[in-house]
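Take a look at the structure below.
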Amino acid sequence: MLLSIIIVNFNAVKILKNCLDSIQQNTTVSHEIILIDNHSIDGSVAFIRDNYPKIKFIENQENLGFSRANNQGLEIAQGDYVLFLNNDTELLPDSLERLLQFLQENPEVGAVGPQLLYPDNSFQLSTGLFPSIWNEWKMKNIVKKLDAGDKIFQNELALQFQQQQDVDWITGACILTRYDLVTELGGFDEKMFMFFEDVDLCKRIQNTGYRIVYFPTAKIIHHQGITYKGKRDTKKTIYRQSQKYYYSKHNSWLENVFLYFYLKFRRDQ
């Protein structure tokens, strides 16, 4: 089998159909879909079993987190390539085939990601710089301008990202990688319940000498931000835990000191 598509679900029954149907309608290569449900209580389990009986399905009895659930899918995957795909995405025609062809033709590339679009087809940022105090400050300013609706800045950024380019990391909403490579690396780091796990995986892929590539010729729709419905404080706590762990794992002691004092004096940490 050429491709394993791994999707993690948590209380997202309302958007699952669009994602799964887009895969079935727009994927011509030999593939399997592996869906891991993290103890949803919204009818997701019954919906999958009733409507998609051919999907490989894992039903967890508790929410094990994004990293662990993806690794569960990886443990039973049979494809030569693995696509980690969010349940709030929709594949567009030829998007997956283009990603696969690029990865097959470029053996020095370890992972590739498409251009993400909002449902209105506008540009969505899907890559970033490896975390450091300076890089995170730059990324937050970029996101702040986008969230504020700065159309001139958004258009300039969209134009910049019309070109294929090597990047530090690509978002976990859609990562295509090689099965042998990702399993050798142990999949996602399960000490990260969610947040930073995609950045960490890309960092470890690069550390092995492979490239990470943003490939805008392939495009998918991403309904960003609708899958996580937890309390804001809980989300913030999980984010900070993953951030601190990432810094301790990959960054210098000085960066860790800077992060400690930065967070210590933040009012919203």
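3J(HN,Hα) couplings calculated from phi for region 148-156 with the Karplus curve 6.51 cos²θ - 1.76 cosθ + 1.60 (θ = phi - 60°) are, in sequence order, 7, x, 6, 5, 5, 5, 4, 5, 5 Hz; Gly and Pro show x. Comparing 90, 190, 105 in a Gaussian network model of the chain where C-alpha atoms under 10 Å apart are linked, the largest mean-square fluctuation is found at 105. Treating the Cα atoms of region 1-103 as identical point scatterers in vacuum, please give the log10 of the normalised Debye intensity I(q)/I(0) at q = 0.16, 0.18, 0.19, 0.20 Å⁻¹, two decimals. Per q value, in the given order, log10 I(q)/I(0) is -0.64, -0.82, -0.91, -1.01. Can you tell which of 141, 87, 251 shows the greatest fluctuation in a Gaussian network model of the chain with Cα springs below 10 Å? Of the options given, 141 has the highest mean-square fluctuation.
Taking 191, 145, 219 as the candidate residues, the one with maximal mean-square fluctuation in a Gaussian network model of the chain, Cα springs under 10 Å, is 145. Each stretch of four or more DSSP H residues adds -39500 (n - 2.57); spread over every residue of the chain, this sum gives -13500 deg cm²/dmol at 222 nm.
Largest first, the three principal axis extents of the alpha carbons in region 136-269 are 42, 42, 32 Å in whole numbers.
Applying the Karplus relation 6.51 cos²θ - 1.76 cosθ + 1.60 with θ = phi - 60° to region 57-71 yields 3J(HN,Hα) values of 10, 10, 10, 7, 8, 7, 7, 8, x, 5, 5, 4, 5, 4, 5 Hz, where x marks Gly and Pro.
Using a simple spin-label model with pseudo-atoms 7 Å out from Cα toward Cβ, residue 162 and residue 42 lie 3.6 nm apart. Label sites at residue 61 and residue 244, each approximated as a point 7 angstrom past Cα along Cα to Cβ, lie 3.1 nm apart. Full extension of the chain segment joining residue 50 with residue 21 gains 9.0 nm, where the gain is 0.36 nm per residue of separation less the Cα-Cα distance.
Here the Karplus curve 6.51 cos²θ - 1.76 cosθ + 1.60, taken at θ = phi - 60°, turns the phi angles of region 100-113 into couplings of 4, 4, 4, 5, 5, 8, 10, x, 7, 8, x, 7, 9, x Hz, with x standing for Gly and Pro.
Once each part is reduced to its C-alpha centroid, what is the distance from region 68-84 to region 105-146 in angstrom? Centre-to-centre (Cα) distance: 23 Å.
Where a number appears in this text, it was derived from the coordinates with a stated rule and is not lab data. Not measured: the values here are computed from a predicted model. Cβ sites come from the backbone with ideal geometry, for glycine too, and all protein chains shown count toward neighbours.
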